[in-house]
Amino acid sequence: MRILHAVRSDGFAGVESHVARLAHAQQALGHDVVVIGGAPARMPVVAGAGVRTLAASTVLEVLEVARPWVAGADIVHAHMTAAEIACAAALFGRTTPLVATCHFARERGSNPVAAVAARAAARRIDAQIAISRYVADKVAGPSVVVHPGVDSTCAVRPAAERDRVVLLAQRLEPEKEGDVALRAFAASGIAARGWRLEVAGDGAERAHLTRLAAELGIDGVTAFLRQRHDVPELMRRAGLLLAPCRIEGLGLTVLEAMAAGLPVVAVAAGGHLETVGMAPDAALHPPGDAVRAGQLLAGLAADPARRDAYAARLARIQRDRFTPAHQADETEAVYRSVL
């Protein structure tokens, strides 16, 4: 099958990683895969040598780059609204199926003009995928839920070999609720037992969170690492992960933590209920409840054996339900339903 993926982006965050991993898994199954968009330095590395990658950072660029490729494609797969608009235009007059993946739990279009264009493009979409039941319930139109996948980790470090580090790995934007994570770490009291907080990521909230750490008295044990490309290594040595964002569509960072055997304390909302929430002893706290999150941190930090058992359950869930191969198989079923 000849598959053309498109995302209007020159960055590499959750959506771009999703596209790259899916393309890599599809190519491994023998499909001919082309990806438009994503950071030119990162997309080809993650997608793999067998996947052709092409740069495009605007809607017009996606449209122009896609036009010569749609003629030979069996399926065009758009990710996010801007790519849907560009792909629908590139497919004008053609019958090639257009599949769209919804990554966020919100309606299409960030402004009135974009909303009009998005509604027009949506009429051209033949099948819609949502990355979680949470997203499917929030977006317009029927969706097939296909959970993203990450590669499993062969060797997982036990708690005894990990650092006393609580990791927060996400963009530092208001909707990510990084302040809840800092307040939870402060409330846990585990800094007195030698634990530190590492914040991997950057964004508009960094200055505010830096000031908040000082106000909470944890600035001496909090490291703001900014944007990092070695998050998997940070996960291999950290002892706990915090995931406070209540509107996360699914959370690739959480899946990566599960694969790495890193225990997760997450908010009981959004896509986290479909990942961490599958564990019977899931460490979930109410949205915005830093006190309860701190209690969960404190309980896990005090019990290495409990951390290991919880991490093992999360790793099994990831291996059973959230792999790129599983995602590729379910995505192919959607493709074949519209071919």
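A short reminder: the numbers here are calculations on the coordinates, not readings from a lab. These numbers come from a predicted model, not from an experiment. FYI the Cβ positions are ideal-geometry reconstructions off the backbone, even for glycines, and counts take in every protein chain you see.
Rounded, prolate or oblate: which one fits segment 32-88, using the alpha carbon gyration tensor with axes a ≥ b ≥ c (rounded when a/c is under 1.5, else prolate when a/b beats b/c, else oblate)? Oblate, because a/c is 1.5 or more while a/b does not exceed b/c. Taking the Cα centre of segment 159-321 as origin and assigning +1 to Lys and Arg Cβ atoms and -1 to Asp and Glu Cβ atoms, the resulting dipole is close to 320 debye.
Exposure proxy shown here: for K176, K138, the number of other Cβ atoms within 10 Å sets the order, fewest to most, as K138, K176. For segment 196-248, the Kirkwood estimate of hydrodynamic radius, built from reciprocal distances between every pair of different alpha carbons, is 12.2 Å.
For segment 113-197, the dipole from Cβ point charges (+1 on Lys and Arg, -1 on Asp and Glu) about the Cα centre works out to 60 debye, to the nearest 20. Charge tally around T210: other residues with Cβ under 12 Å, Lys/Arg +1 each, Asp/Glu -1 each, net -2. Taking Cα atoms, how many degrees apart are the long axis of helix 112-122 and the longest axis of the chain, rounded to 10 and kept between 0 and 90? With rounding to tens, the tilt is 60 degrees. In the chain, the calculated helix contribution to ellipticity at 222 nm averages -12500 deg cm²/dmol per residue, counting -39,500 (n - 2.57) for every DSSP H run with n ≥ 4. Charged neighbours of A73, selected by a Cβ distance under 14 Å, balance to +1 (K, R count +1; D, E count -1). Seen from a random direction on average, the alpha-carbon convex hull of segment 159-321 projects onto 8.1 square nanometres. Candidates A223, G270, P280 compared by Cα position along the dipole of segment 208-330: farthest toward the positive end lies A223, with charges placed on Cβ. Think of each Lys and Arg Cβ as +1 and each Asp and Glu Cβ as -1; about the Cα centre, that makes the dipole of the chain roughly 100 debye. When the Cα positions of L182, L197, H208 are compared along the charge dipole of segment 168-223, L197 comes out farthest toward the positive end, with charges on each C-beta of Lys, Arg, Asp and Glu.
Determine the shape class of the chain: with a ≥ b ≥ c the square roots of the Cα gyration tensor eigenvalues, call it rounded for a/c under 1.5, and otherwise prolate if a/b is greater than b/c, oblate otherwise. The shape class here is prolate. Here the residues R193, R157, ranked from fewest to most Cβ neighbours within 10 Å of their Cβ, fall in the order R193, R157. Taking other residues whose beta carbon is less than 14 angstrom from the beta carbon of V59, and scoring Lys, Arg as +1 and Asp, Glu as -1, yields -1. By other beta-carbon atoms within 10 Å, ranking E84, E61, E161 with the fewest at the front produces E161, E61, E84.
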